[in-house]
Amino acid sequence: MQRTAEAVSIGHPDKTADYISSYILDRIIEQDPHARYAVEVMIKGNTIVLGGEIGTSAKLDDLTTYVKTALAEIGYNERYSALWGDYVINPAQIKIINLIGLQSPDITQGVEADGWGDQGVFVGYACQGEGKINRELFLSRKLNDALYEKAIKSDNLGIDIKTQITLNDDKIETAIVAIPMLQEEDLTDFIISVLGEKPLNTIVNGTGRYTYHGSIADCGITGRKLACDFYSTACPIGGGAPWTKDGSKADLTLNLYARILACENLTDNDECFVYLSSCIGRAELPSGLIKTVKNGIVSFSNLWCNQKPRTLIRAYGLDKPIYTKLCKKGISGVMNK
């Protein structure tokens, strides 16, 4: 049976958008651990649009510096711009369009009462194997991470990278890589060394050329790479984009909680799924369910949860500037042991 999963680097414009929003949130939380934050990012060419709602005592007069620093952390810095020229974003020419407003007081009153800042459904997943994630996703992410680290140090390879692995009966049938190149470079041996076996098919840059990349070639928008951040096709995706909101919004916190619960309840089962839901303004979760699969036998158990938002936020350190770290890992990177 064929199974396929994809991974992208933080140099991909959608993930760059996720990272910028997470970086701004980290800087705000350093000043105000109780900040309320929901900011989407769109990046096209050298223009970056920030839109959303914030409730905070933190100063927000340095957004351009925040954005440029986030880009530099990803690898889009002066050296990279000089190397790639018109093929990539130029930090010196960045234009910020700021459409950020205040959080609705209707939402605030529910959050201040220690209720969730939004309603939603959330799904966590774990399975046997490395990282407690499906093997095709583990390998796709492993290859992507290795290529990104290679590209960061290279004068020829770019950092807007996509990888895709197809397994067939647990053997690597196809490995697909998209990575910018100034000059053609053979990556076959490197790919084999990272994956630990030779794929039956290896495709690098399927169009034959890949130079224009990042926001010059593609429009990046937060929340568009959820399948990569979560569990690919192994599990339904719940909630909204986790990287654009503070912990009270639930899209990060409860997806994180569901993943941790799935890992904890995996034990000797083949797979574990955790399903949660939230109600805006309320702490107790309307529903919770654990599903386990072992030797083809499916079992269900109800899960009652009244963990208040502030309790989970403190437990996972979401009142601290860790959002960019989580954004890099993805939800399925949590409990990656």
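Quick rundown of the values:
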quantity: Condition check for ASP270: charged (D, E, K, R) and either under 30 Å from ILE48 (Cα atoms) or free of Cβ contacts under 8 Å to residues at least 40 places away in the same chain (or both); calculated: no
quantity: Helices (runs of 4 or more DSSP H) within region 170-280 that include 3 or more residues of a type outside the set (Lys, Arg) and within 30 Å of ASP319 (Cβ to Cβ); calculated: 226-229, 253-266
quantity: Residues of region 192-238 classified as more than 13 Å from the chain's Cα centre (by Cα) and either closer than 30 Å to ASN90 by Cα or not aliphatic (A, V, I, L, M) (or both), total; calculated: 29
quantity: When residues of region 15-44 are limited to those that are out of contact with any helix residue (DSSP H, G or I) (no Cβ under 6 Å at 6 or more places or on another chain) and surrounded by fewer than 23 Cβ atoms within 10 Å (Cβ to Cβ), the one nearest to ILE161 (Cα to Cα); calculated: MET42
quantity: Residues of region 3-35 satisfying the condition of being of a type in the set (A, V, I, L, M, F, W, C), at pLDDT 95 or above and closer than 16 Å to GLU53 by Cα; calculated: ILE20, ILE24, LEU25, ILE28, ILE29
quantity: Number of the exception - VAL88 against (1) aliphatic (A, V, I, L, M); (2) touching a residue at least 40 places away in the same chain (Cβ under 8 Å); (3) more than 27 Å from LYS150 (Cα to Cα); calculated: (3)
quantity: Every pair of residues 6+ apart whose Cβ atoms lie under 7 Å, when the first sits in region 154-166 and is assigned to a loop (DSSP other than H, G, I, E, B) while the second is of a type in the set (Asp, Glu); calculated: ASN156/GLU185
quantity: Checking THR69 against (1) in a helix (DSSP H, G or I); (2) buried (at least 21 other Cβ atoms within 10 Å of the Cβ), the condition it does not meet; calculated: (2)
quantity: Which listed residue is in contact with a Pro (Cβ under 8 Å, 6 or more places away or on another chain) and among the acidic types (Asp, Glu), from GLU53, GLU40, GLU78, GLU73; calculated: GLU78
quantity: Residues that are closer than 17 Å to ASN90 by Cα and at pLDDT 95 or above, drawn from region 36-64; calculated: MET42, ILE43, LYS44, GLY45, ASN46, THR47, ILE48, VAL49
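The values are calculated or read from the model by the stated rules, or taken from the named source; none is laboratory data. Worth saying up front: this structure is predicted, and the values here are computed from it rather than measured. Methodologically, a virtual Cβ is constructed for each residue, glycine included, from the backbone with ideal geometry; neighbour enumeration extends over all protein chains shown.
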